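Scroll down for the structure; my scribbles are underneath it.
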Amino acid sequence: MIDTSASKAAGYFAAAQKLAEMLVVKMGDKDRLALWTANIDVHDLSRGFKNKGELSDAVNALSKEYPSGAVNLKKCVGTAVEKFAEGGNSRQRVIVFFGDGQSTAGPLDGNARAALASELVKREIAFFAVPLGNRFDSSNLHGLVGATGGKVVRVEEKDKAEDTVARLKTAVAVPILYPQSVQLPAEMTDATPTKLPPLRGDAPTLVVGKLTKIGTTFDYTVVGTVAGKEVRVATSLPMPPAEVENFFLVNIANQWREHKDRPALLQADRTLAFAYDQNQMAGSKLIADADWAMEEKKYEHAYRLYQQALKVDPHNGEAKAGVNLVEQLRDGKVTPEQLRENIKPRDGENVVRIVKDMKARGKDIKGEKDQVHVRFEKVNRADVLLGQEDGKQPVLAPEIKEEKRDILKEQEARQAVADQQAGEGRPRRDPPGESTRQARAGRRPRTGQADARRHPHRPGPDRQDTDQPLRAARSHAGERRSRRRRRQARTGRRREPGRSG
């Protein structure tokens, strides 16, 4: 299924054509393929599922398509689901989508996407996506992929068409387990999602819950079907120790409570990395806003922001210190003047600084070779804050001596540049400042390049004049008009319309 919307006009549709043609070339003799385009309506170019030798007309029809319009992804995928029902359950069913996931003609919200994915799972159809475009709808692409047991196969920077198709065929060949039941440890409660999506061996699936008791292993059993055959998988994983950095898992569990039956949009490793980064940025922004509120002496706002930061990261030391400081300021135990006095550097006050000991590199220190070691040193606090470490004076910038400016020469130089630009870049024959000096003396500059620049219709001595008769006629007409105006000004009369001068 190839996206033919207008957003594919920048070469993405051509790439999809090449990938589709290569997929037809690389398909097996027993495989069957239907070639469709996705737009406001779906267009079946192959007119059903065909073997490898019967798809030449469909490939030719694809070469005549062009990108325009918008996509109704819900309608296109829904129509494909109905076409699969005609073929029975004897074959593996796959939808390979080439596009960006945008569904402008028929937007997909979370409920519509979940219903569409449920219909795909019911008929055991896996949705695979090859992202092509400059603006992706990740919710549609990853949502349909993760909920149906498919996978996202990206086009790498140096890929050829056969390289991407080879990775796509490898991903399609991975068995998909459709779970019927799952048995988790008795110590685990509030497990989400309550219904597991189709599982793959090359893509981790995220399951979040609470443990009433921490053991050494995590044992679970999944019962389902693979290609219509019942399969039972029992796995035991080592239980990692608790870490403070995993605070973001609490927010994931809280957000998942609204739709416990839906799987995560992304596979487990990407979901955890994304959630960690989002929580880190959210906490940093809340603390920065709270610090600004403290500077503006808006203590109530700062207190609420620090409390929100603690909800994002309950172990954040800055947020805890901020809450404590706001309480002291609000109760009058500490004043802003005392805070400024406390942080003011004092003479002779030493602090401990931890630095990397690069001299230890390459040496065998207590059996640890080629390791970066640290050392502790005491430095003066005021010197460190002022940038004057070890009593050394800061390096000052060299003094710049101002030269005396000749305003007249600068103006003459600017005028020379302007004259040269007006004269189409030809070199000036008059020496710099000659025209200015002649004008001051009351003399007209000599006729030459400068005169040609002041009067573009009057060519200079070194310029070939190809329109001399026309320019002469224009000059005489202008002189006649000037004489007529002067004569009318002396007599006090104006020429009436229709009368010659």
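The values are calculated or read from the model by the stated rules, or taken from the named source; none is laboratory data. Note that this is a predicted model, so its numbers are computed, not measured. With ideal geometry, Cβ positions are generated from the backbone for all residues, glycine too; neighbour counts draw on all protein chains shown. Protein only, heavy atoms only, side chains kept; ligands, DNA and RNA dropped before computing areas. Shrake-Rupley method; radii C 1.70, N 1.55, O 1.52, S 1.80 Å.
List pairs: first residue in the range 323-336 and more than 10 Å from Tyr299 (Cα to Cα), second residue modelled with pLDDT of 85 or more and open to solvent by 50 Å² or more (accessible area, probe 1.4 Å) anywhere in the structure, Cβ distance under 6 angstrom, at least six positions apart or on different chains.
Every condition considered, the pairs that remain are Val334/Gln328.
Is there any pair with a first residue in the range 227-256 that is closer than 18 Å to Lys210 by Cβ and a second that is outside any loop (DSSP other than H, G, I, E, B) and open to solvent by 90 Å² or more (accessible area, probe 1.4 Å) whose Cβ atoms are under 8 Å apart and which are 6 or more apart or on different chains, and what are they?
From the range 227-256, the pairs are Ala253/Asp190; Ala253/Lys210.
Say we look at the range 82-109 and pick out the residues that are modelled with pLDDT under 90 and not in a loop (DSSP other than H, G, I, E, B); which of these is surrounded by the fewest Cβ atoms within 10 Å (Cβ to Cβ)?
Glu86
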